[in-house]
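Structure first, then comments.
The values are calculated or read from the model by the stated rules, or taken from the named source; none is laboratory data. It should be emphasised that the depicted structure is a prediction, and the values quoted were computed from it without experimental measurement. Quick reminder, even Gly has a Cβ in these numbers, built from the backbone with ideal geometry, and neighbours come from all protein chains shown.
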Amino acid sequence: MTPLAELARSARIVVCCGSGGVGKTSTAAAVALWAAEHGRRTCVLTIDPARRLAQALGLDLLSNSPRPVKAKGLPARGPGSLDAMMLDMRRTFDEVIERYARDADQADRILANRFYQRLSSTLAGTQEYMAMEKLYELHESQRYDLLVVDTPPTRSALDFLDAPDNLNELLDARAFRLLIAPAQRIGRGYLRGLNLATTAMTKMVRRVTGSELLAEVGEFFAAFEGMYDGFKERAGLVYDQLKHPSTAFVVVATPDGAALREAAYFAGRLAADRMPLGALVVNRIHQAGPVPPVPAAARKRLRADGADGRLLADLLELHDGLETLAAAEQRRVRDLLDRVPNLGVVQVPLLSDDVHDVAGLRRLGAHLFA
Ligand SMILES: Nc1ncnc2c1ncn2[C@@H]1O[C@H](COP(=O)(O)OP(=O)(O)O)[C@@H](O)[C@H]1O
Ligand SMILES: [Mg+2]
């Protein structure tokens, strides 16, 4: 059993992270499928998967709540089951406001606010934050044995961990009041004249608002009054859950230098935050396969030996290149393991086809769990 199989059998939350395009979404879906097929009630919370994979899982953005995945070979009736949902950050934000507002009136005021509408759909980090809110909600519901979380296609894996703190800082009305109160009194020139560009808050306000929205900003924070503490508290609870030994972070990387460096960096950050690093998946590994050594003289003879010989000589050269590439990749993986001791590693080869349906997830799973 690979370290990943161990996790898929026993963890309560698996978070797949890594830099963009490395295979987080595919890995998350494959882990969830495997766990479901091994008897666990599983939900994968995925973010922005490729269209064909979303279709194969029966996902659409409009639902924003878990739906059973219907696919050939999945257990029709218990004990395991697979649900999937695709995060719609705007909808999730709206739901959070509706759920935690004092009353319908407070919710309506916030939802109708134009500054809120911009914030909830465009602000960097909102997606990560909402993934955590959704994770919290699903975890609280106790409907699942295992929640598998895909992380947003951000540039950096670290953004996921930093998002709640960053957003909380932005939503902290106390800080905001200091900033905005004089603006409301003095007028619009104030923000422009204020030299606070270094604070996250002013940067956001500048980015998210035109001056015509400034009044709405003040109204938003007035309406938001009392909700901030709840946001902060839930973020704290999710952090606690992420630190719990029943959670496992799975870092996904490709065997190129940049992705592996990012993976090492992320592993260091998890360790510093005392968050449980479960395994490293090195995805899309090149494999050369065994070919007996062919001496230079024999290759020369091949080249001189008609079209078939030339083809064979060309293939040998391609194979040499592939071998060099595969060896370099293995060296880089070993270097990483030297730096992060005791890390379980699963290597997955580059498959000949995209991972876009349940059959593809099973092919991926064969390597992740074999
Ligand atoms: N082992 C693999 N072999 C071939 N293609 C893969 C493999 N793993 C992932 N892919 C493909 O790579 C692309 C990126 O994968 P994805 O899971 O969406 O990455 P991420 O979520 O990290 O951005 C997708 O088209 C996926 O089908
Ligand atoms: Mg993805």
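Below are the figures for this structure:
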| item | result |
| --- | --- |
| Test: residue in the range 149-169 that is assigned to a loop (DSSP other than H, G, I, E, B), surrounded by 13 or more Cβ atoms within 10 Å (Cβ to Cβ) and at pLDDT 75 or above | yes |
| Some residue of the range 306-314 being closer than 30 Å to residue 36 by Cβ and surrounded by 15 or more Cβ atoms within 10 Å (Cβ to Cβ) | no |
| Helices (runs of 4 or more DSSP H) wholly inside the range 275-370 that include at least 2 residues being within 14 Å of ligand 1 (Cβ to nearest atom) and within 30 Å of residue 71 (Cα to Cα) | 358-369 |
| The range 213-257 - residue that is outside any helix (DSSP H, G or I) and of a type in the set (Val, Ile, Thr) and, of those, farthest from ligand 2 (Cβ to nearest atom) | 247 |
| In the range 333-370, residue modelled with the lowest pLDDT [restricted to those that are among the small types (Gly, Ala, Ser) and crowded, with 18+ Cβ neighbours inside 10 Å] | 360 |
| Subset of the range 1-41 [closer than 20 Å to residue 92 by Cα and away from ligand 1 (no atom under 12 Å from the Cβ)] | 13, 15 |
| Matching entry among 284, 269 (being at pLDDT 95 or above, surrounded by 11 or more Cβ atoms within 10 Å (Cβ to Cβ) and either over 29 Å from the mean Cα position of the chain (by Cα) or among the basic types (Lys, Arg) (or both)) | 284 |
| All positions within the range 122-148 that are at pLDDT 80 or above and part of a loop (DSSP other than H, G, I, E, B) | 142, 143, 144, 145 |
| The range 56-70: number of residues that are modelled with pLDDT of 85 or more and within 16 Å of ligand 1 (Cβ to nearest atom) | 1 |
